1. What do you reckon, is Val8 modelled with pLDDT under 90 and loosely packed, with under 10 Cβ neighbours inside 10 Å?
Amino acid sequence: MARNAGPVLTQWLTRLTFTYQASPNTSFSLGLRNVFGTAPIASSAPLPASRTTNLSAALHRVTRHGELYLVYGDANALNTIPRLLLKYVRYVGAQKGT
């Protein structure tokens, strides 16, 4: 019977997400993600185990003439990026979707 002599690499992903619809026009979400372990790599020498944590939050509000977005962090990053983004989309003329 053949045996694999390569190292066993394991990663754990833990996620916690909270989303709240405050009104028909307002929503809030909060996300926490933690990755722990050794990532698989292409070379024969494994990297040391690592732990990364990411926190992200978002607020979305629909107003009479547009939409407001307020976002902290980046849900796709391994570690929390201290970034705050404020975005307002104003609709001129017809309503959205027409």
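1. yes
Here's the yes/no breakdown for (1) within 30 Å of Ala94 (Cβ to Cβ); (2) surrounded by 15 or more Cβ atoms within 10 Å (Cβ to Cβ); (3) out of contact with any Asp or Glu (no Cβ under 8 Å at 6 or more places or on another chain); (4) modelled with pLDDT of 90 or more:
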residue	(1), (2), (3), (4)
Asn25	yes, no, yes, yes
Ala39	no, no, yes, no
Pro46	no, no, yes, no
Ala49	no, no, yes, no
Thr53	no, no, yes, no
Gly66	yes, no, yes, yes
Tyr69	yes, no, yes, yes
Gly73	no, yes, yes, no
Ala77	no, no, yes, no
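The values are calculated or read from the model by the stated rules, or taken from the named source; none is laboratory data. All of these numbers come straight from a predicted model, not from anything done at the bench. Here the Cβ is made from the backbone with ideal geometry for all residues, glycine too, and neighbour counts use every protein chain on show.
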